[in-house]
Amino acid sequence: MENLLSNATEILLLAFLTITFLQSGIDKVLDWKGNLEWLSGHFSKTPFKGSVPVLLGIVLVMEIMSGVLSAVGIVQFVVEGESSIGFFGAILAALTLLMLLLGQRVAKDYVGAQTIVVYLIPTVFLVYLMQ
């Protein structure tokens with residue numbers, strides 16, 4: 001219980017990343033075709049237009065890895081009181097969000113880019129807390 005209380009902020013932020021990235025990654029797996037169709041249209045007038053399937057696969061892998069590392073990080077905090085695995089999950093999550101931000105900016109979807117920043121702020125704060 002002491003580990004939970006002394007690391008509550010980190011655990012809550014890791015739970016946030018776990019939910020965010022596992023849900024997004026699982027959605028991409030379950031609706032690959034729908035995601036690919038939407039993103040192909042979204043990036044049709046960008047330099048990414050011919051690479052959407054590959055980039056979607058990369059983002060999928062990064063999201064699942066970010067979510068899994070964050071979930072394992074929660075367990076490690078509870079058991080050991082620290083979490084190197086959660087730290088790597090937070091770093092990978094931040095890199096994933098930066099990739100998504102780049103995509104939104106290149107597609108000139110500035111509202112979408114703002115939404116990514118909403119996720120990036122607590123993620124960078126978590127990296128700061130865990131370093």
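Every number here is computed from the coordinates shown, using simple stated rules; none is lab data. Bear in mind that the values here come from a model prediction, so they are computed numbers and not experimental data. Heads up, the Cβs are rebuilt from the backbone with ideal geometry, glycines too, and the neighbour counts pull from every protein chain shown.
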> Relative to the Cα centre, what is the charge dipole magnitude of the chain, using +1 at the beta carbon of each Lys and Arg, -1 at the beta carbon of each Asp and Glu, and rounding to the nearest 20 debye?
Replying inline: 680 debye
> Taking the Cα atoms only, what angle lies between the long axis of helix 52-80 and the longest principal axis of the chain, rounded to 10 degrees?
Replying inline: 10 degrees
>> What is the angle, in °, between the Cα long axis of helix 84-106 and the longest principal axis of the Cα atoms in the chain? Nearest 10 is fine, range 0 to 90.
In response: 20 degrees
> Taking Cα centroids, how far is segment 84-109 from segment 1-44 in Å?
Replying inline: 11 Å
>> Taking a cut-off of 18 Å, what percent of all Cα-Cα pairs in the chain are separated by more than that?
In response: 54 percent
